[in-house]
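I have placed the structure first, in the form of structure tokens, so that the comments after it can refer back to it.
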């Protein structure tokens, strides 16, 4: 075997050195690239998982917490991520297919979810749930700092006839209640003694247009002198549903407009084929008239199609969208603002009705309804 020349040995050494240098450069570049591609929250999560000596939450819990932190600095009070199983009830709820128990929660200064309203005569009322009770769990699902009002509202919902199992704290005592879920009435209608048609609408879910059209057709068949459309205690819903319902009273023209990102606008106009385009119309509102319900009332007033009566509405002029995320999560967020045909927004101020006639809940008389009937009787 021949001995290698000095020149051959030096070439081999140079080759090895150059290879090592390129290897180091490659690893350095790769490290920098990975570092730049890794987000700040991913880096923190990796460090926590590597070094934290205590119990480490799951990847999912850490990711949800990071998203909630991000949403906390976005100027959108309606932005929320809804986890399963609440999220799995969303579609049925928007279709008006879920039952209710008659509770409205809120979050107190201590971050606890408390019962703000118990609807009189509801199954929750009959079961003994009281205003001020602290919710600890719904159907075995803990209510904690991560539970949103949107999520809890969906947890209350469920198949009609099934109970909602509630664990509640009251004055330091742990109590259990199981109010039965009953059908959520979207609207009710009747012919009053004076022949006036009356429609009370409580939501703008996707089943409402057909129900409203059926009720209005039946009422118009009696040739009523006027119609009272009651949207008090209406929590709003789909703006497309608002367009469809308004189109029963307004034949043509703009109904309302929505301003989206980058000042893009979308105009919602009457669909045509109105069932009751000229009947005398009164719309009842109060401080619990929200969003889409405020839209229809303000449009009726501004277009001169009817008269609004009651008290100033809530003042929600935003529109939300809901999109599915991975692992059955939902993301609800604001996509725009609605305005009347004349460009008026009632965000944070509420819509003031043409006739002020607030109802006093302490009396047996419905002062708002009585004011509408008085207007009809006087021919105003």
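The values are calculated or read from the model by the stated rules, or taken from the named source; none is laboratory data. Remember, it's a predicted structure, so these values are computed and weren't measured experimentally. Cβ: placed from backbone, ideal geometry, glycine included. Neighbour counts: every protein chain shown.
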Q) Is one or more of the residues making up region 338-351 under 25 Å from residue 87 (Cβ atoms) and surrounded by 15 or more Cβ atoms within 10 Å (Cβ to Cβ)? A) no
Q) Looking at (1) over 18 Å from residue 284 (Cα atoms); (2) touching a helix residue (DSSP H, G or I) at 6+ places or on another chain (Cβ under 7 Å), which is the one condition that is false for residue 189? A) (1)
Q) Regarding residue 190, is this residue part of a strand (DSSP E or B), without any contact (Cβ under 8 Å) to a residue 12 or more places away in the chain and assigned by TED's automatic domain parsing to the domain that holds residue 334? A) yes
**Q.** Restricting region 119-148 to residues that are free of Cβ contacts under 8 Å to residues at least 40 places away in the same chain and part of a strand (DSSP E or B), the residue that is surrounded by the most Cβ atoms within 10 Å (Cβ to Cβ)
**A.** 138
Q) Where in region 200-279 are there strands (runs of 3 or more DSSP E), lying wholly inside it, with at least 3 residues that are more than 20 Å from the chain's Cα centre (by Cα) and surrounded by fewer than 20 Cβ atoms within 10 Å (Cβ to Cβ)? A) 265-269
(Q) Any residue that is out of contact with any helix residue (DSSP H, G or I) (no Cβ under 9 Å at 6 or more places or on another chain), at pLDDT 85 or above and in a helix (DSSP H, G or I) - is there at least one of those in region 74-94? (A) yes
**Q.** In region 65-118, the residues that are closer than 30 Å to residue 40 by Cα, surrounded by 13 or more Cβ atoms within 10 Å (Cβ to Cβ) and over 19 Å from the mean Cα position of the chain (by Cα)
**A.** 65, 66
Q: State all residues of region 301-325 that are over 20 Å from residue 80 (Cα atoms) and assigned to a strand (DSSP E or B); if no residue qualifies, say none.
A: 307, 308, 309, 310
Q. Residue 298 passes all but one of (1) part of a strand (DSSP E or B); (2) surrounded by 20 or more Cβ atoms within 10 Å (Cβ to Cβ); which number fails?
A. (1)
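Would you check if residue 337 is under 23 Å from residue 250 (Cα atoms), within 23 Å of the chain's Cα centre (by Cα), outside any strand (DSSP E or B) and touching a residue at least 40 places away in the same chain (Cβ under 8 Å)?
No.
Looking at 372, 354 in this structure, which one is without any contact (Cβ under 8 Å) to a residue 60 or more places away in the chain and closer than 30 Å to residue 225 by Cβ? Quick ask: steps written out before the conclusion?
Numbers: 372 fails: without any contact (Cβ under 8 Å) to a residue 60 or more places away in the chain.
354 is the lone residue from the list that is without any contact (Cβ under 8 Å) to a residue 60 or more places away in the chain and closer than 30 Å to residue 225 by Cβ.
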